[in-house]
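Single-structure report; data block below.
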Amino acid sequence: MRIGELSRRTGISASRIRFYERHQVVPVADRGQNGYRDYPETAVKRLKLINDAQQLGFSLKEVRAFLDDAAPSFPSRAATIEALRRKIADIDQHLKEVRARRGRITNLLKEIGG
């Protein structure tokens with residue numbers, strides 16, 4: 001399928017799909033004799049997975065590693081659960097750091113009478 005159809009089916013812009021190709025998150029599509037990109041049906045599922053993962057806060061590097069570990073098929077249920085648990089641990093750590101920073105700022109405000 002061409003990039004326009006892939007874009008319509010996934011809701012991801014053609015420029016974003018090309019961005020994912022450049023950053024090696026999506027395999028570079030084969031080119032037809034006419035020079036157009038020709039994507040396999042599996043690209044739809046892969047792009048939806050990438051989009052969902054990014055909306056959950058996964059970086060492209062994390063997504064790439066997750067998909068590379070699963071190649072050539074899609075990640076197993078166990079691998080998905082592990083990746084999600086790691087992301088929760090990352091978020092918990094970030095929240096802890098933000099709370100500590102907030103506490104320091106609050107203390108500073110008290111010290112300067114703000």
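Read the figures in this text as sums done on the coordinates, not as results from a lab. Bear in mind the structure is a predicted one, so any value in this text is a computation, not a measurement. Cβ: placed from backbone, ideal geometry, glycine included. Neighbour counts: every protein chain shown.
Here are some notes:
- Value of relative contact order over segment 1-102, rounded to a whole percent, pairs C-alpha under 8 Å and six or more apart: 21 percent
- Computed over the chain, the ratio Rg/Rh where both radii use C-alpha atoms and Rh is Kirkwood: 1.20
- Convex hull volume per residue in cubic angstrom - Cα atoms of segment 1-57: 72 Å³
- The distance between label points at residue 59 and residue 14 comes to 3.1 nm (points 7 Å beyond Cα on the Cα→Cβ vector).
- Cα-centre dipole for segment 8-114 with unit charges at Cβ (Lys and Arg positive, Asp and Glu negative), debye to 20: 360 debye
- The slack in the chain from residue 41 to residue 1, taken as 0.36 nm per residue of separation less the alpha-carbon distance, amounts to 13.7 nm.
- Residue 22 versus residue 79: modelled label distance in nm, points set 7 Å from Cα along the beta carbon direction: 2.7 nm
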